[in-house]
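Taken together, the values in this text are just the output of simple stated rules run on the coordinates, not laboratory data. Values in this document were obtained by computation on a predicted structure and should not be read as measured data. For neighbour counting, all protein chains shown are included, and Cβ atoms are generated from backbone atoms with ideal geometry for every residue, glycine included.
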Amino acid sequence: MAKSSIKLRAKVKDDVVEVKALIKHPMESGNRKDKKTGEAIPAHFITEVVCEHGGKTRLSASLSGGVSKNPYVSFKFKGGASGDPITMNWKDNKGKSDSVESKIK
Amino acid sequence: MQTNIKRRIFLKGSAASSVMGAAITAGLLTPQALLAEWNEAAFKEKDVVAAIKGMTGSESSEESDKIHIKAPDIAENGGVVPVSITSDIEGTTQILILAPNNPVPMIAAFTLGEGALAFARTNIKMGKTGDVVAVIKAGDKTYTAKKAVKVTIGGCGG
């Protein structure tokens, strides 16, 4: 399997799972111009990120081109245990997507 | 039995997509709007109040000191400004991050799932010095807080 564009880390501490994700993506807002040609660089950014665990959606995030390149997303939830599988997936404005499965530490 | 269920799902799916196909050909919907429930209108809205309304349905928000925004006072690189939002408001279901001075103010909307704590962190771009605005939705009410961030090099390019 090709390496996922998502680095997903989840760690449980005092009953709370802290999820940290780093996604490789250009996150072009569509407002930038190519410095040499002066042409607008088309928008290309992640629109949705969903994190699932135990058959439940723990977080769904809608993003815009205002989120930094190679976006970092972090959140916390209760109800996870060490060793549980956890998944994250994203899709972008061009219809591309990727997903990853990890285990809670 | 299993095959029957799959067949049903399949039929349902193809019926739905042909309706969508017809809508595209009729020019009713642009393909971009079909990608997801991604709230395109709210993400294109230039007016902050209207963008918040588009995302949460709420027209006015109350300022609250129960929202904590962690962001640098001075951001040397506007391309990567770390922002984390924590809310002590009971029943928080949604966390929005906005930068009113950006070309597109609405940056991110986090919808909390089951068990999720009222916390979200990400990195945002800021075109110039201005406020970072956090909006919390709890029940049918929205609350806001803001923090000023001085940007020395803008991150929206151009």
Query raised in the report: Counting only residues that are more than 7 Å from chain B (Cβ to nearest Cβ) and closer than 16 Å to A:Gly55 by Cβ, which one in segment A:71-82 is surrounded by the most Cβ atoms within 10 Å (Cβ to Cβ)?
Result: A:Gly80
Query raised in the report: Can you tell me which residue in segment B:35-92 is surrounded by the fewest Cβ atoms within 10 Å (Cβ to Cβ), limited to those that are part of a helix (DSSP H, G or I) and β-branched (Val, Ile, Thr)?
Result: B:Val49
**Report entry** Condition met for A:Thr47 (facing chain B (nearest Cβ under 10 Å), touching a Leu at 6+ places or on another chain (Cβ under 9 Å) and within 26 Å of B:Glu40 (Cα to Cα))
**Finding:** yes
Report summary line: Within segment A:29-70, restricting to residues that are of a type in the set (S, T, N, Q), out of contact with any helix residue (DSSP H, G or I) (no Cβ under 6 Å at 6 or more places or on another chain) and buried (at least 16 other Cβ atoms within 10 Å of the Cβ), the one that is farthest from B:Val83 (Cα to Cα) is A:Asn31
Report task. Scan the strands (runs of 3 or more DSSP E) fully inside segment B:114-154 and keep the ones with 1 or more residues being away from every other protein chain (no Cβ under 13 Å) and either surrounded by fewer than 23 Cβ atoms within 10 Å (Cβ to Cβ) or under 16 Å from the mean Cα position of the chain (by Cα) (or both). Result -> B:130-138, B:141-153
Report summary line: Picking from A:Lys103, A:Lys91, A:Lys96, the residue that is charged (D, E, K, R), closer than 30 Å to B:Lys46 by Cα and more than 9 Å from chain B (Cβ to nearest Cβ) would be A:Lys96
Query raised in the report: Which condition number in (1) more than 24 Å from A:Gly30 (Cα to Cα); (2) free of Cβ contacts under 8 Å to residues at least 60 places away in the same chain; (3) among the β-branched types (Val, Ile, Thr) is the one that B:Val83 fails?
Result: (1)
